[in-house]
1. Residue pairs, Cβ under 6 Å, 6 or more apart or interchain, first in the range A:23-44 and in a loop (DSSP other than H, G, I, E, B), second surrounded by fewer than 19 Cβ atoms within 10 Å (Cβ to Cβ). List them.
2. Collect the residues in the range B:79-105 that are more than 18 Å from residue B:137 (Cβ to Cβ), of a type outside the set (Gly, Ala, Ser) and either modelled with pLDDT of 95 or more or surrounded by fewer than 20 Cβ atoms within 10 Å (Cβ to Cβ) (or both), keeping them in residue-number order.
3. Tell me which residues, restricted to the range A:274-318, are crowded, with 24+ Cβ neighbours inside 10 Å, over 25 Å from residue A:201 (Cα atoms) and touching a residue at least 12 places away in the same chain (Cβ under 8 Å).
4. State whether the residues of the range B:172-184 include one that is touching a Pro at 6+ places or on another chain (Cβ under 9 Å) and at positive phi.
5. Hey, residue A:16 hits all of (1) in a helix (DSSP H, G or I); (2) at positive phi but one; which does it fall short on?
6. Is there a residue in the range B:226-243 that is open to solvent by less than 20 Å² (accessible area, probe 1.4 Å), in contact with a Pro (Cβ under 9 Å, 6 or more places away or on another chain) and within 14 Å of chain A (Cβ to nearest Cβ)?
7. For the range B:152-201: of the residues being within 11 Å of the chain's Cα centre (by Cα) and part of a loop (DSSP other than H, G, I, E, B), which is farthest from residue B:36 (Cα to Cα)?
8. If I filter the range A:65-78 down to residues being in a helix (DSSP H, G or I) and closer than 18 Å to residue A:154 by Cα, which single residue comes out as most open to solvent (accessible area, probe 1.4 Å)?
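The values are calculated or read from the model by the stated rules, or taken from the named source; none is laboratory data. Computed from a predicted model, the values in this text were never measured in an experiment. Cβ coordinates were reconstructed from backbone atoms using ideal geometry, including for glycine residues, and neighbour counts include every protein chain displayed. Protein only, heavy atoms only, side chains kept; ligands, DNA and RNA dropped before computing areas. Shrake-Rupley method; radii C 1.70, N 1.55, O 1.52, S 1.80 Å.
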Number of protein chains: 2
Amino acid sequence: MTSIEMIVAARSRLKGRVRRTPLLSSPFLDEVAGRRVFVKAECLQHTGSFKFRGGWSALSGLDPAMRRRGVIAFSSGNHAQGVALAATRHGVASVIIMPADAPKLKIDNTRAFGAEVVLYERGTEDRDALGARLSEERGLTLIRPYDEPLVIAGQGTSGLEIAEQAQEEGITAADVLVPCGGGGLSSGIALALEATAPDLTVRTCEPEGFDDTARSLRAGQIVRNTAMSGSICDAIVTPQPGKITFPILKRLAGTGFAVTDEEVLRAMALAFKRLKIIVEPGGAVALAAALFHGAAIDRDSVIAVASGGNVDTDLFTLALQRFG
Amino acid sequence: MTSIEMIVAARSRLKGRVRRTPLLSSPFLDEVAGRRVFVKAECLQHTGSFKFRGGWSALSGLDPAMRRRGVIAFSSGNHAQGVALAATRHGVASVIIMPADAPKLKIDNTRAFGAEVVLYERGTEDRDALGARLSEERGLTLIRPYDEPLVIAGQGTSGLEIAEQAQEEGITAADVLVPCGGGGLSSGIALALEATAPDLTVRTCEPEGFDDTARSLRAGQIVRNTAMSGSICDAIVTPQPGKITFPILKRLAGTGFAVTDEEVLRAMALAFKRLKIIVEPGGAVALAAALFHGAAIDRDSVIAVASGGNVDTDLFTLALQRFG
């Protein structure tokens with residue numbers, strides 16, 4: 001079970017290794033939203049997403065003897081890059097199992113961060129069996145993307161920063177909107193804020209049609225998505241909330257948001273124009289909710305986490321051409 | 001004459017009003033450059049460029065009775081926005097004289113930041129006479145874009161941050177590459193580093209064909225540009241180095257760089273892909289020099305200032321399409 005003590009301990013381990021990302025704002029965004037909007041720019045984190053926090057926390061928190069044998073992860077995206085760079089900077093091996101049809105850029109980046117990438121064919125190969133065999137043969141430790149206390153603790157360090165930065169800005173109460181896939185980031189931030197800034201309330205943000213967490217929060221129990229593809233926000237589409245993360249969100253989070261692809265593209269274009277940052281679709285759902293779902297927000301201030309910036313040129317160009 | 005004491009005093013006045021922008025990096029950029037590359041992301045400053053520092057420094061440093069009567073500036077771009085927002089946040093009026101053919105977005109933004117924009121026709125109207133008449137009628141104080149000690153002191157606060165951030169990163173010696181128009185930013189940073197980190201050396205960066213500062217530094221005296229248009233880096237094209245700024249650069253700066261438009265577009269695309277920030281052409285000349293002019297750099301580490309991010313969608317899209 002992740003606790004505030006684990007988050008504070010993770011912060012010590014992350015110090016000097018992980019960036020304290022800025023809290024950005026623009027009067028133009030305030031005007032669109034009708035309230036003060038602050039953006040926690042985790043897209044500026046090493047590897048281009050918050051996942052490096054969880055990766056570093058997991059690697060640095062492992063028993064040294066286990067760490068020396070190396071780590072393994074399943075991921076087609078940001079978790080892959082976060083674990084790969086964290087492992088390389090710890091001087092240990094990482095194996096990342098990726099689908100053979102993952103974007104070439106993400107495969108190349110994961111390799112460039114020092115990982116051994118093992119590709120598998122979706123449909124014909126059993127990913128879990130492949131991972132289990134490699135783990136056993138080489139004694140690798142599996143780093144789960146969200147249902148892992150050390151990973152949640154790492155993501156929660158961004159919540160400690162949000163609490164500090166809110167105080168610096170004079171924000172006493174706010175909704176904190178967080179992009180949500182498996183819930184590692186949102187549950188980590190929720191735990192950090194519970195302990196350090198209880199008037200900052202986490203609310204999850206997801207793509208419309210893939211809002212398993214929002215629906216689970218309404219139902220009071222875990223509900224699955226019916227589809228796994230068809231969203232431009234692929235990085236945050238997961239089958240269902242995590243077993244460890246959901247109880248934390250159920251206890252601490254407000255109602256969730258679901259935003260459309262068009263709102264996401266508009267948010268990306270506004271982040272370009274007004275904040276000068278690149279946000280990927282899955283990373284822009286919270287900003288989209290802050291800007292375009294204001295009727296569901298009561299507080300005068302909203303903090304939106306821009307969780308990643310790893311977007312292909314074509315999709316980013318599309319956002320600018322349609323809404324720039 | 002601007003001194004380190006003026007820069008330190010400006011830092012006190014700017015505290016809590018101006019963003020401490022992050023120092024970013026990526027192993028991928030290190031690989032392109034063949035050395036460690038750090039990017040001071042001033043594009044993330046309020047109004048999208050470092051100019052807000054100088055604007056705030058000038059407004060906050062004015063005699064209160066003068067300040068109450070308002071300020072005036074000539075600018076078609078970033079200085080306009082910096083002065084406008086700084087004046088509005090001080091609760092005083094600002095008049096910005098802009099050419100009638102300036103990009104509509106920049107005119108709109110300057111108005112949205114609270115300025116009264118007065119347009120003039122290049123060629124038929126005398127901008128300086130117009131400004132002098134308005135100043136006299138209303139008792140406005142002129143805020144010059146670079147040949148103004150309070151403005152140089154404001155820009156120099158980014159140099160104090162660079163010195164601190166370099167120490168945090170363990171950088172003891174480095175070339176600090178700075179986009180250079182009139183020289184306000186580069187001379188301010190040079191003064192700040194002279195006092196706080198003397199092994200960090202400022203070097204100016206300009207577009208090829210508009211490298212008046214590099215040529216002036218070589219000649220040991222002020223040399224003019226022969227053309228004033230034809231560069232994509234319009235924000236940093238000035239007729240000649242400033243009368244106040246040039247002697248500072250002559251005393252403290254190393255040799256200057258001149259980069260091509262293609263190198264600038266490549267640097268913008270790499271900043272998109274690897275740092276997740278938007279950099280405008282004039283703001284990308286230092287990163288371009290760091291990445292593509294390594295043969296003229298001796299040190300193991302280079303710090304490039306990305307001075308602004310106010311670029312139109314079309315030009316940014318072009319950079320991505322050609323080099324993304």
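1. Cβ pairs passing all conditions: A:34/A:294; A:35/A:300.
2. B:79, B:81, B:83, B:85, B:88, B:89, B:90, B:99, B:101, B:103, B:104, B:105 - these are the residues of the range B:79-105 that are more than 18 Å from residue B:137 (Cβ to Cβ), of a type outside the set (Gly, Ala, Ser) and either modelled with pLDDT of 95 or more or surrounded by fewer than 20 Cβ atoms within 10 Å (Cβ to Cβ) (or both).
3. Once the filter is applied, which keeps residues that are crowded, with 24+ Cβ neighbours inside 10 Å, over 25 Å from residue A:201 (Cα atoms) and touching a residue at least 12 places away in the same chain (Cβ under 8 Å), the range A:274-318 yields A:278, A:310, A:311, A:316.
4. The answer is yes; a qualifying residue exists.
5. Answer for residue A:16: the failing condition is (1).
6. No: the range B:226-243 contains no residue that is open to solvent by less than 20 Å² (accessible area, probe 1.4 Å), in contact with a Pro (Cβ under 9 Å, 6 or more places away or on another chain) and within 14 Å of chain A (Cβ to nearest Cβ).
7. B:182
8. Here the answer is A:67.
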